[in-house]
Each structure stands twice: as C-alpha cells, then as structure tokens.
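The values are calculated or read from the model by the stated rules, or taken from the named source; none is laboratory data. All figures in this text were calculated on a predicted structure; none of them were measured in a lab. We place every Cβ from the backbone using ideal geometry, glycine too, and count neighbours over all the protein chains shown.
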Amino acid sequence: MKNRQRQKDTLFSILIFCSAFAVNLLIQKLFTMQTLVPMIFVFGVFLISLKTHGYCYGITSAIVSVFAVNFAFTYPYYAFDFFVEESILSAVNAGSCRFHQYAEQPHSGSGKAAGRK
C-alpha cells in the first residue's frame with residue numbers, strides 16, 4: 001500500500017513539474033515578458049506539496065524547479081548561471097512556498113518536552 005502511494009505521488013510530481021515546464025515554454029514562445037515563469041513553478045511546487053505525502057516531494061520539486069528556471073528560462077539560456085539576482089529570488093520563492101506549507105500542517109505530539117511531566 002505504501003509503495004502504491006509513493007508511485008502515485010511520484011507520478012503526480014512529475015506530471016505537475018512537466019506541466020509547469022510546458023506552460024513556461026509556451027509563455028516564452030508567445031510573449032516577450034518572462035516575469036511569470038518563476039511564479040508558475042512556485043505554483044507547481046505548491047500543488048506538489050499540497051497533494052503529496054511527505055516532505056521529500058515538495059523539497060525535491062523546489063530544488064529541481066530552481067535548476068529548471070535557471071537553465072531554461074534565464075539568460076544565458078540553456079546554461080546554468082547562479083550569480084544572477086533572479087536565480088536567487090526564484091530559489092527564495094520556491095523555498096518559502098515549501099516552508100509555508102510546512103508551517104500550516106498540524107504537528108503531532110503533546111507539546112511538552114521529552115522527559116517532563
């Protein structure tokens with residue numbers, strides 16, 4: 001059962017990431033304005049974090065999204081360059097989306113420190 005859920009979550013993550021990438025490629029071809037590209041990936045990371053189980057999918061999708069934006073949608077195109085201000089901003093946006101999702105989830109536990117009564 002757990003393996004089946006892991007397969008569903010992986011497939012969902014890949015589908016959302018590929019959809020975000022395809023939408024961004026379409027925007028790049030149709031418009032000259034590129035400001036929505038990081039936000040579409042942030043929305044994809046949000047959906048992945050919301051619908052999958054565990055933190056690994058959201059964190060991995062945020063990291064992969066930063067690399068994808070840097071590689072395909074920022075100058076120099078189809079090359080990595082992490083010394084551009086937009087790259088740092090998209091990394092912060094993707095990471096903040098995941099941390100916000102983590103903060104919204106209820107945590108288990110009694111709220112007391114271990115060993116105290």
Please enumerate the residues belonging to region 29-57 that are under 16 Å from GLN5 (Cβ atoms) and surrounded by fewer than 14 Cβ atoms within 10 Å (Cβ to Cβ). LEU50, HIS53, GLY54, TYR55, CYS56
Going through region 30-58 in order, the residues found to be at pLDDT below 90 and either under 20 Å from VAL92 (Cβ atoms) or basic (Lys, Arg) (or both) are GLN34, THR35, LEU36, VAL37, PRO38, TYR55
Failed item, numbered, when THR32 is tested on (1) more than 10 Å from the chain's Cα centre (by Cα); (2) part of a helix (DSSP H, G or I): (2)
Residue hits (region 64-81; in contact (Cβ under 8 Å) with a residue 24 or more places away in the chain and part of a helix (DSSP H, G or I)) are VAL64, SER65, VAL66, ALA68, VAL69, ALA72
